[in-house]
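Please read the structure below before turning to the comments.
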Amino acid sequence: PLCPLGRSSSSSDRRLGSAAMTGDWDATLDDLAQRRATAHAMGGADKLAPRREAGRLDARSRIGALLDDGSFTEIGALAGAAPADALVAGVGRIDGRPVAVGAEDFTTLGGSIGPAASRKRWRIADIARRERIPLVMLLEGAGHRPPMPGDPGGGGPGDLGAQGSLSGLVPMVCGVMGSSAGHGAITAPLCDFSVMTPDAAIFTAGPPVVKAALGEEVTKAELGGPGVAIASGVVHNVAADDIALLADIRTYLSFFGSSAWERPPSVDTGDTGPRRLDDLLDIVPRDGNAAYDMRLAISALVDGGGFFQVQPDFGSSIVCALARIGGESIGIIANQPSVIAGSIDVDAADKAAHFIQVCDSFHLPLVFLADNPGVLAGQASERAGILRAGARMFAAQTRAQTVKVHVTLRKAYGFGSSVMAMNPYDEQTLSFGFPGATLGAMGASGAGNAVGADEATQAELHQAENESSYRSANGLSFDDLIDPRDLRNVVIEGLAVSAQRRSGEATPVARTGITP
């Protein structure tokens, strides 16, 4: 038989050639294995052991816990001047679906960002864009570091620009799992959803830089712990520990398609059919001034009673939650009467506006549950910019191109009704109210005081208020008034009515206008 290039070869020649090649490969593969072992060793046993003793995961363990077993393919393990250049990055799968992921390695040079790590961050963002898959970033790093011997020279593509260009195209999620500063920390507010552990902190610059620049003595927690990051809205949620944080990321992504070119997945929850909510009459008081926990109403409404709340401790007079109804992913925006009577303050409006845009970008239907006395009035609220924040929320909901189903439970006054998508002819698929819901520019008492009404006029105003839901139904401001126990059924019908529109090819939402 002929061998390559047509030269004849005996079996002994072939064995010798094979042995020579095997010898060459042994040395080559040994060298590769040693280089990989150095990268996988990260900062070394001395730095890894204390973390493990404290129950904290390292960067590679975090990726392993996040992704499906055995699905991780690393990118850039041999790049840079330090093991993996302090960033473990690559692609893998969550629930069988591809994702791109990067985890800062604090045991290596404090997780700082060198030129190679910066290029790796760009690379996984570029893969996420091109392949239309989510991007997950796990942060614990000190930001940019000075140049080191062995760093690749020259400039490189901008990783933050690459991340920013993904907004609204693929889901972006961030976990803050330690101290995160500077360049890396900016990733969190760029993402659709961010979550941190109780011992984590995130800031523009850490305590040593703050002391040197401003003379302020602060701890990491005081500068950017959950008490600061959650209160400022920089980070959305807090998880109990590393494992809980990674589980939250998996849960969050389960509600979304992989990109804006894909519809959210339907799930057989075992509770997909219509049913009456008999308990809702006990949960929602008939008295419009009585407080109750809207989360109980949401739990009664959704499949299996479970939902994933986003930013529960920020702007808490509005509940923003991901859930499933009839097996379909939805976003819920609901006033919370147990917090400032459900009035919409600046934080609540900002939170809801962002949540609406995220759901709209990835084609999740929106369900609005209105029960509020309006946007929050008063000097402090005005100074905080309630008109601007309310306008931002209104712009988000009125521009939303996804399905909108609205239900007014007990009351919705003034601009508070507009931002909650109650106004008729505002692209709702279906719009309902509970009987007895009170509506208008303001409550009867406030209206009477504003015009100096006498006792008889005040009584007429209250009577008109009590009948306002029927007047709205009469003028088709609501499609119908419903028995509260039928809430789930009418929402399911709204999703069914919109099924044809949602069955078409998914494309990214084209945004126009400037957000207030």
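The values are calculated or read from the model by the stated rules, or taken from the named source; none is laboratory data. The model shown is predicted, which means the values in this text are computed figures rather than measured ones. For neighbour counting, all protein chains shown are included, and Cβ atoms are generated from backbone atoms with ideal geometry for every residue, glycine included. The protein model used for the area step is the full one, side chains on, heavy atoms only, and it has no ligands, DNA or RNA in it. Shrake-Rupley method; radii C 1.70, N 1.55, O 1.52, S 1.80 Å.
Structural remarks
- Every pair of residues 6+ apart whose Cβ atoms lie under 8 Å, when the first sits in region 52-63 and is under 17 Å from Glu104 (Cα atoms) and crowded, with 18+ Cβ neighbours inside 10 Å while the second is charged (D, E, K, R) and at pLDDT 95 or above: Arg56/Asp242; Leu57/Asp242; Asp58/Asp105; Ala59/Glu104; Ala59/Asp105; Ala59/Glu140; Arg60/Asp105; Arg62/Asp242
- Within region 311-343, the set of residues being open to solvent by 10 Å² or more (accessible area, probe 1.4 Å) and among the β-branched types (Val, Ile, Thr) comprises Val339, Ile340.
- Residue satisfying all of: in region 128-146; at pLDDT 95 or above, touching a Gly at 6+ places or on another chain (Cβ under 9 Å) and among the hydrophobic types (A, V, I, L, M, F, W, C); nearest to Ser361 (Cα to Cα) among these: Leu135
- Residue match in region 218-231 (condition: of a type outside the set (D, E, K, R), within 30 Å of Thr507 (Cβ to Cβ) and touching a strand residue (DSSP E or B) at 6+ places or on another chain (Cβ under 7 Å)): no
- Residue among Gly158, Gly141 that alone is touching a residue at least 12 places away in the same chain (Cβ under 8 Å), under 19 Å from Ser112 (Cβ atoms) and in contact with a strand residue (DSSP E or B) (Cβ under 9 Å, 6 or more places away or on another chain): Gly141
- Inter-residue pairs, beta-carbon under 6 Å, first touching a residue at least 12 places away in the same chain (Cβ under 8 Å) and open to solvent by less than 10 Å² (accessible area, probe 1.4 Å) and in region 87-108, second among the acidic types (Asp, Glu) and part of a strand (DSSP E or B), 6+ apart: Leu87/Glu104; Gly90/Glu74; Glu104/Glu140
- Just one of the listed residues (Ala86, Ala65) is modelled with pLDDT of 95 or more and under 18 Å from Ala125 (Cα atoms), namely Ala86.
- Scanning region 196-219 for residues that are hydroxyl-bearing (Ser, Thr, Tyr) and either open to solvent by less than 10 Å² (accessible area, probe 1.4 Å) or assigned to a helix (DSSP H, G or I) (or both) turns up just one, Thr197.
- On the stretch given as region 142-167, residues that are in a helix (DSSP H, G or I) and either under 17 Å from the mean Cα position of the chain (by Cα) or farther than 16 Å from Glu104 by Cα (or both) total 4.
- Each residue in region 168-195 was checked for being over 21 Å from Phe106 (Cα atoms), touching a residue at least 40 places away in the same chain (Cβ under 8 Å) and open to solvent by 20 Å² or more (accessible area, probe 1.4 Å), and 1 pass.
- Subset of region 64-86 (residues that are in contact (Cβ under 8 Å) with a residue 60 or more places away in the chain, open to solvent by less than 30 Å² (accessible area, probe 1.4 Å) and within 22 Å of Asp199 (Cβ to Cβ)): Leu66
- Segments classed as helices (runs of 4 or more DSSP H), wholly inside region 347-423, with at least 2 members that are open to solvent by 10 Å² or more (accessible area, probe 1.4 Å) and either modelled with pLDDT under 95 or acidic (Asp, Glu) (or both): 414-419
- Members of region 254-301 that are open to solvent by 80 Å² or more (accessible area, probe 1.4 Å), among the acidic types (Asp, Glu) and free of Cβ contacts under 8 Å to residues at least 60 places away in the same chain: Asp268, Asp279, Asp282, Asp287
- Every residue from region 239-274 that is part of a helix (DSSP H, G or I) and hydroxyl-bearing (Ser, Thr, Tyr): Thr251, Tyr252, Ser254
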